[in-house]
Structure formats: structure tokens, C-alpha cells
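Below is one structure, written out as C-alpha cells; the observations come after it.
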């Protein structure tokens, strides 16, 4: 055992055992191709991704535009594959299977078009994608796995800290990335220096190019997910239990509440707002046969109650694989005999999120600041991605600050018609708000701040946009230059 891990059994509070919810959250099946499958992620817009079996026996990545939609297979060049994650822009991350043998290539689908991400020659897997389109996963290298990130489809192998003993073969995986780019995953000993299979592992956090161990608590920890605050969900051994825990961004640590009589629980996912799901081993009350059942923690690290998920009659197991910020937990159930799994979801009750925004005023060609506040109850949604559309067209997105406020600049088109533009803000939980940009009439083209004067303030705006195609491009030739300066000076009035 790694000596660094032997000191990590630091005093962890005993696994909290609480009363679970009185009634299981019911399971709702999703449509499939008639041969089963599973689902792994749900976006803020309610789109779901996963894998389905076809009549030819092939596994293919699939996307459901909503829980009631008919699934659509994503292209794989005939090789099959699976979809692991989707963001609110509809970008999907996953894997295309290798043409021959096992493994595959990390893949992104954008607008239904397959893009194979670069690797180190041996393939890999794309495990997650955030709202900015940054992808994380792993690539094969020298017979092992290396944690990886792709920014603008460019591969970066992530660093790992010193770990294990000299001669150990180390594998690393990046499992999850939040809206601010914080990543979690793990490094583990695949084989030790004697060639024996290893088991030591530790959960990792990558932030701003730096890598650190997510916690010094427990044994054999593995990072599962990271929420938008930067809290890391992990699995590990804590005392006599195998349980999920949360290592908070502020350094605090807590094991999630358990279930009476259950000593092994595994977490599988955490939403960007901290909702956690997983599964545990139990037994059929009549036959005594083993059963795998789903569980969720609606308030994440702050939960005092574990919510059990329905295992429908005749089913042998339920595996939840993903959690949405709106409380939708997705996964699969199976009878354990037919070899088929049924994809579906459980709607876990959560405190609803809300988005608030106010109208802003501006003129044609002027740049204004759009602002929205994302909250869950009275608490701000920190680090949440908010997508903005103007008159139904997506114009960008921003990330909320510590107060839950998202701000972004928007240039009102110089050719805008009418007196108002409709603005819609949607956060990662699917909550939304609509406001407006009120268009002020009668501003001179050179009056860049629309205060009724063409003066030094407008000159400063123009100089700040020099060489760009900003609102100060008065003659609309695509660049702010001396010709625009001449027009502004010719319109000068205090």
C-alpha cells in the first residue's frame, strides 16, 4: 500500500445513518429502439444522451430532445459507440468504437456531425463536456490511460501529482468538468513494480493548470463529479464503510448520509448544482436475492436524508448514471435475466431554481450590458452557466459570480428595426427569464453612448474599439479606423 495513503485514514466522522424517504421516487421509462439501452446525462434544456441497442445488435450513441421524445442515433461511421455527456448547446461527448478490437476514439457530436478528437495514437474516451464546449476524458498511451482535456478540439494531457512507488504503472482519468473549467478524476496504480494488479487510487482536482489531491481523507478515493462551486464528489473507503463523500472547495469534507443496514454505496454523478445520485446493494424482501437499487441526495453535501429510487416489480437492478440540475436522475433498470436494460429516469423533488433579469436601454449600434441573477431558493447559483438568446437567436453565455449574477456585453445591431428586442436567459437547471432591450430612437451614429452629445466620451469608446468591427465602425466597412474618426470629429458637439 502506498505510504501516503496509510496516513489518510484521518479521523472521518462516522458515516451518518439517517431515515430514508418514506416512498421511492417512481421510475419512468424512455423510448428506445425496442432492444434496450441506458442513459448517462441530461442537459439544462432537458435533452438526454446515452446508448441504445439496434435490431442488428449494435450499440449506438443516442440523443433524446426531451423525456417524451423518440431517440435519434448519432453517426459513428457504422462502428457504434456511446454518448456520455451533453451541454445546453447540444454538444455531445462520448466514444466511437474502434473498427476492430476493443476501445475506441474520443468523439464530439455538434449539430449531429461527428468530430473525432485527437489522441496519442491509441484512442481514448470523452467523458464530459461543459457549457463552454471543453471536453475531458482520457487517452491511451504506452498501454495505460492518461487524463486528458480538449480545448477547441486540441488535446492536452493533464499532469498528475507524485503517487505510488517507484516502478508502479499509473493510470489517470479525468471524469468531470464544471462551467468554470475545474476538473476532477483520479490517478491509480494499475500494476505495482512486481507486476501485481494494484488498487491504490486517489481523487484529483485540476484547477487553472494546477493539479492537487482532492482530499486527505479515506482510502482508495476516486473523483466522480465536480459541481459549479468546485465541490468534488468522490467514492472511497471511510472506516468500515464504502461510501460517497464530498470534498468542498473551501477544504471541508463530509461523507454523505447513508442507509440503515447498508455498508456499500457508490455515487455515480453529481449535477452542476450539487444533486448526487448512486446505487447500493440490498436484497429482495421476499426471496432474499440480491438487488441493486438507486439512491439520490437532493441537497448534495448538505443533505440530511437519502432518497431511494424505485426498483419496479420484476426488476433486479437499477443503476442511476446521471443527475440534472432540475432533479432529473437518469439511468437504467433490468430484470437481470433477459440481458436487456430499460433506459429511463426518476424525477427527484428539489428546490426549484429561478432566474431574474431586468430590461436595459440602448440604441442601434450601442453595446449594452445584459445581466441576470440565478438562484435556488434564496441562495445564489454560483458558477452556473447562463445562456442568452436575443429574439430567439443564441448570442452567448456567461458564468455567474459569487452573488449568482451573470453579466455579458451585447452589441445592438446598427440595422435593428423596431423599439424592442426580446432577451431570454436560461441557467443550467433549465430555469429561465425573459426581459427586453428597449431601443432608444434618434441617436446620432457618432453618439456611441447615446447621451445626446458627440464628445470625448464617444472618442474614448472609438479608440477602445480601434481596429475591430465594433459599434464605432460608423461607415460599416468592417473596421474602426481613421475614416470613422473623421466622421466622429465631423459630428462633434458638446
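Since every read-out is calculated from the coordinates, none of them should be taken as a lab result. Just so you know, these numbers come straight off a predicted model, no measurement behind them. All Cβ positions, glycine included, derive from the backbone under ideal geometry; neighbour counts span all protein chains shown.
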Which value, to two decimals, describes the C-alpha radius of gyration of region 15-132 once divided by 2.2 N^0.38 Å? 1.19
Using only the Cα atoms of region 50-115, build the gyration tensor, take square roots of its eigenvalues as a ≥ b ≥ c, and label the shape rounded, prolate or oblate: rounded if a/c is under 1.5, else prolate if a/b is larger than b/c, else oblate. oblate
Contact order normalised by residue count of the chain, Cα under 8 Å, 6+ apart, percent: 11 percent
Residue-span extension gain [residue 212 to residue 99] - 0.36 nm each, minus C-alpha spacing: 37.0 nm
Extension gain residue 250-residue 120, at 0.36 nm per residue separation less the Cα-Cα distance, in nm? 43.2 nm
To make sure I understand, if each residue's beta carbon is the centre and we count other beta carbons within 10 Å, what order do 450, 277 fall in, fewest to most? 450, 277
Of the listed values (1) 22, 49, 23, 6, 0; (2) 21, 45, 27, 7, 0; (3) 19, 44, 20, 9, 5, 3, 0, identify the label whose number matches P(r) over Cα pairs in 20 Å bins from 0, in percent calculated from this model. (1)
Suppose R0 equals 35 Å. What FRET efficiency, 1/(1 + (r/R0)^6) with r the Cβ-Cβ distance, do residue 264 and residue 141 give to the nearest 0.05? 0.60
Rounded to whole Å and sorted largest first, list the principal axis extents of the Cα atoms in region 365-494. 53, 29, 26
Each label point is 7 Å from the Cα along the Cα-to-Cβ direction; what then is the distance between the points at residue 436 and residue 358, in nm? 1.7 nm
Within 10 Å of each residue's Cβ, count the other Cβ atoms and sort 237, 138 from fewest upward. 237, 138
For region 188-239 and region 264-306, what is the centre-to-centre distance using only Cα atoms, to the nearest Å? 20 Å
Taking neighbour Cβ counts within 10 Å as the exposure measure, how do 488, 52 sort from fewest upward? 488, 52
I want to verify the translational diffusion coefficient of region 245-359 in µm²/s; compute it with Stokes-Einstein, Rh as the Kirkwood radius over Cα pairs, at 20 °C and 1.002 mPa s. 141 µm²/s
Taking a crude spin-label model, label points 7 Å out from Cα along the C-beta direction, the residue 157 to residue 402 distance in nm is 3.8 nm
